[in-house]
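Below you'll find the structure, written out as structure tokens, and then a few comments.
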Amino acid sequence: MEVKNRKPVQSISSPREIIEALEKHQYVADEEFATALFLLLRLRKPLLLEGPPGVGKTEIAVVLSQLLETRLIRLQCYEGLDINAAVYEWNYQKQLLGIKLQEGAGLSVEEKAHHIFSQEYLLMRPLLQSIMEKRKAPVLLIDEIDRSDEEFEAFLLELLSVFQISIPELGTLKAKHKPYVILTSNRTRELSDALKRRCLYHWIDYPDLEKEMLIVNKRLPGIEQLLLQQVVGYVQEFRKRKLEKTPGVSETIDWAESLVALGYREMNAKAFVQTLGAVLKSVDDINQVKNEFAAS
């Protein structure tokens, strides 16, 4: 959505102004979180966000890229993530074609190698893309870093320390525009102290009732207040139970959107049972909640 009369990020001079800017993008942040974002922008240090799934860690990178009017580059981490998927690899098919085209050109072995190992044959993955961005500093989202291996986490240290990447055939490539880096973690494993030292840190927890109602209302400004209170109230209660998958704020929004889409103006027993799949993502959780809440 186009937001007019926005304040340029360079002129933002306080966390309070960060809060106001984010509100225009329907993102609700408290003062502590806004301070962490403000320092990210001012100090250009990576920001590590930890917290349970579905509380807005990934979304803030999207919103920040919109606020800065710059490109968002996302690296989704997973077990086994390696340099070929995260940084670069050579376009071998194009290199083979280039070698064939060079036949009979009278070039030396060194000249041929220099040509086929040039940037023309390089496939840039997210980390290298963030270094090579020429127009303006992008937002680099390294999502769910805790899902990657410790070996890959160690590789990140060079990037986060000096914002450069070494490629044996090309040498060291340095960032023209230092990216704004956000790392997210669901804490499935503990990250290394070396990585944490290079980052600012902020923990995003589940919001309280009042804040969560504000978040949902920002996304669904036309929702009936009674329905809003009921939806958020139930989700707050769900989180007190031992569920396989505790619902995050994103699931709260999904549930509210589903009820509005079905034309409900308030929660009743039918609406509750009919739409639980929008907020709970496990059959055992759904059955548990039905037994505990449907009769009440």
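Being of a type in the set (Val, Ile, Thr) and modelled with pLDDT under 90, is that true of even one residue in the stretch 31-49? So far as the stretch 31-49 goes, no, none of its residues is of a type in the set (Val, Ile, Thr) and modelled with pLDDT under 90.
Every residue, every condition in (1) touching a helix residue (DSSP H, G or I) at 6+ places or on another chain (Cβ under 8 Å); (2) over 24 Å from Thr58 (Cα atoms), yes or no:
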site	(1), (2)
Glu212	yes, no
Pro221	no, no
Leu243	yes, no
Gly248	no, no
Ile253	yes, no
Val273	yes, yes
Gly277	yes, no
Asn287	no, yes
Asn291	no, yes
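Based on what the data block shows, is Ser161 within 30 Å of Val279 (Cα to Cα) and either outside the structural domain of Val232 (by TED's automatic domain parsing) or more than 21 Å from the chain's Cα centre (by Cα) (or both)? No: the conditions fail for Ser161. His114 meets each of the listed conditions (1) modelled with pLDDT of 90 or more; (2) surrounded by 12 or more Cβ atoms within 10 Å (Cβ to Cβ) apart from (1). Residue-level check: of (1) acidic (Asp, Glu); (2) surrounded by fewer than 17 Cβ atoms within 10 Å (Cβ to Cβ); (3) in contact with a Leu (Cβ under 8 Å, 6 or more places away or on another chain), Asp285 misses just (2). When Ala194, Ala154, Ala137 are checked against the criterion of being at pLDDT 90 or above and surrounded by fewer than 16 Cβ atoms within 10 Å (Cβ to Cβ), a single residue qualifies: Ala194. Checked against the criterion of being at pLDDT 80 or above, among the aliphatic types (A, V, I, L, M) and over 29 Å from Thr58 (Cβ atoms), the candidates Leu160, Leu128, Leu97, Leu101 yield just one match: Leu97.
Yes or no, residue by residue, for (1) over 28 Å from Arg44 (Cα atoms); (2) assigned by TED's automatic domain parsing to the domain that holds Leu160; (3) among the β-branched types (Val, Ile, Thr):
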position: Leu183; (1), (2), (3): no, yes, no
position: Glu190; (1), (2), (3): no, yes, no
position: Lys196; (1), (2), (3): no, yes, no
position: Val216; (1), (2), (3): yes, no, yes
position: Arg239; (1), (2), (3): yes, no, no
position: Thr246; (1), (2), (3): yes, no, yes
position: Glu257; (1), (2), (3): yes, no, no
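Where strands (runs of 3 or more DSSP E) fall entirely within the stretch 126-210, those with at least 3 residues that are among the aliphatic types (A, V, I, L, M), under 14 Å from Leu48 (Cα atoms) and in contact (Cβ under 8 Å) with a residue 24 or more places away in the chain are at 139-143, 180-185. In the stretch 228-274, the residue that is surrounded by the most Cβ atoms within 10 Å (Cβ to Cβ) out of those that are within 15 Å of Glu292 (Cβ to Cβ) and of a type in the set (Asp, Glu) is Glu237. Being surrounded by fewer than 16 Cβ atoms within 10 Å (Cβ to Cβ) and closer than 26 Å to Leu280 by Cα is the filter here, so list the residues in the stretch 63-78 that pass it. The answer is Gln76, Tyr78.
The values are calculated or read from the model by the stated rules, or taken from the named source; none is laboratory data. Bear in mind the structure is a predicted one, so any value in this text is a computation, not a measurement. Glycine gets a Cβ as well: all are built from the backbone with ideal geometry, and neighbour counts include every protein chain shown.
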